[in-house]
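Working notes, structure below.
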Amino acid sequence: MNIGIVQNLIPDLEQDFKKLKDYGFQSCQLVCWNKELMTDNIADRINKVKEELSIEITAFWCGWSKPAVWDFYEGPITLGIVPTAYRAIRTDEIIKGSDFAKKINVKNIVTHVGFIPEDPNDEKYKGTLSAIKLIAKHCKDNGQNFLFETGQETPIVLLRTIQDINLDNIGINFDPANLLLYGKANPIDAVDILGKYIMGVHAKDGEYPTDGYNLGKEKPIGKGRVNFNVLIKKLKEYGYDGSITIENEMNDEKQLTYILESKEFLEKIINSI
C-alpha cells in the first residue's frame, strides 16, 4: 500500500502535480467536475507531467453537471444518475469521462451514482441499473473498471446493485467517512460486506449525522469515528494492496496541515501492519 491524494483537475495542472510530488505523494486520484477540461491538449499535458514526475494516477473521478445538493432532502433528487431528470445527460458525461481517462491511461473510473433506492422494485432502481450497465460496458470496451464511491446507499444496497449488474469490471471506491457522514454504516463492518469488490480507498474521517436534514461533519483523519488501524488491517485481509488516497474537503486554512499530518498518521499504521 502507498499513500496517495485526491487531485482536482485545473487548467494550471502542472503546478499542482509538482506540489503533490513535493509533499511526498507518489499517486493521486484525478477529479474532474469541468467537462471543458477533458480535451486532447489537457490529456497530453497530464501524460507529460505524470511521466516527468513519476506520478501514478490510480483513478479518474468523473463528476457530472449540476445541480448537486449534498444533503438528505435535495440530495436524492439532484445527485448522480438516480434522478430521472438528469440521468441521460450524466450517463453521457461519465461515458465521455471514460474516454478521456483512456487517453491518460487510467483504468479505474469513479463517481457517485446517487441515492440508490432501497427497494429493487422501484422504477428508479431499474432505470439506474440500466444506465450503470451502459456506462460499465463502455468502460469495459475501454479496458477499464467502473467504481461506485460509497456513501449514499447502504452496503447491502450497493452489493445488490453490483450483483444485479453482473459484469466483471464493476468495483468500489471505498470511502469510510462517507458511510458515516450519510449515516449508512459502520465502515469496518461494511468491509465485510463489500470487501471483494474494493478497488480503491479514500482516507477520510468524520462523524454520524446529528439531525435528519444534514450530513455528518468531516473531521481530520484520526479525529473522527473511522478506526484506521482496524480498517487498513481488514482491507489487507481482503487482499487490497492499492493506494490509500487522502481526501480532505475541509476547505480552511489548516487543510494542508491536516493532509500532511494524515499522511504521516497513515504511513505509521501501514508500516506497523
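Each reported figure results from applying straightforward, stated rules to the coordinates on display, with no laboratory input. Keep in mind the model is a prediction, meaning the values are calculated, not measured. Every residue, glycine among them, receives a Cβ derived from its backbone with ideal geometry; neighbour counts consider all protein chains shown.
Per-residue 3J(HN,Hα) values for the stretch 26-37, derived from phi via the Karplus relation 6.51 cos²θ - 1.76 cosθ + 1.60 with θ = phi - 60°, read 9, 8, 8, 9, 8, 9, 9, 10, 10, 5, 5, 8 Hz in sequence order (x marks Gly and Pro). Computed from backbone phi with θ = phi - 60° and the Karplus coefficients 6.51, -1.76 and 1.60, the 3J(HN,Hα) list for the stretch 56-66 is 8, 9, 7, 7, 10, 8, 9, x, 9, 5, 6 Hz; x is used for glycine and proline. Please say if the chain is rounded, prolate or oblate, where rounded means a/c under 1.5 for a ≥ b ≥ c the square roots of the C-alpha gyration tensor eigenvalues, and otherwise the choice is prolate for a/b larger than b/c and oblate otherwise? Taking the square roots of the gyration eigenvalues as a ≥ b ≥ c, the chain is rounded. Under 27 Å of direct C-alpha separation, and excluding same-chain neighbours fewer than eight residues apart, K48 reaches these lysines: K18, K19, K21, K35, K96, K102, K103, K107, K140, K263.
Can you say what percent of the DSSP beta bridges in the chain, counting only those with both residues inside, are antiparallel? Round to 5.
On the way: 2 of 31 bridges.
Around 5 percent antiparallel, to the nearest 5.
Determine, for V106, V49, the number of other Cβ atoms within 10 Å of each Cβ, and report the residues in order from fewest to most.
Numbers: V106 24, V49 17.
If I rank by nearby Cβ atoms, fewest first, I get V49, V106.
Cβ crowding within 10 Å ranks K48, K140 as K48, K140, fewest other Cβ atoms first. In a fully extended conformation the segment linking E249 and E52 would gain 68.1 nm over its present Cα-Cα distance, using 0.36 nm per residue. For W33 and Y73, the difference between the fully extended length at 0.36 nm per residue and the C-alpha to C-alpha distance is 12.2 nm.
A simple spin-label model places the labels of E267 and I10 2.4 nm from each other, with each point 7 Å out along Cα-to-Cβ.
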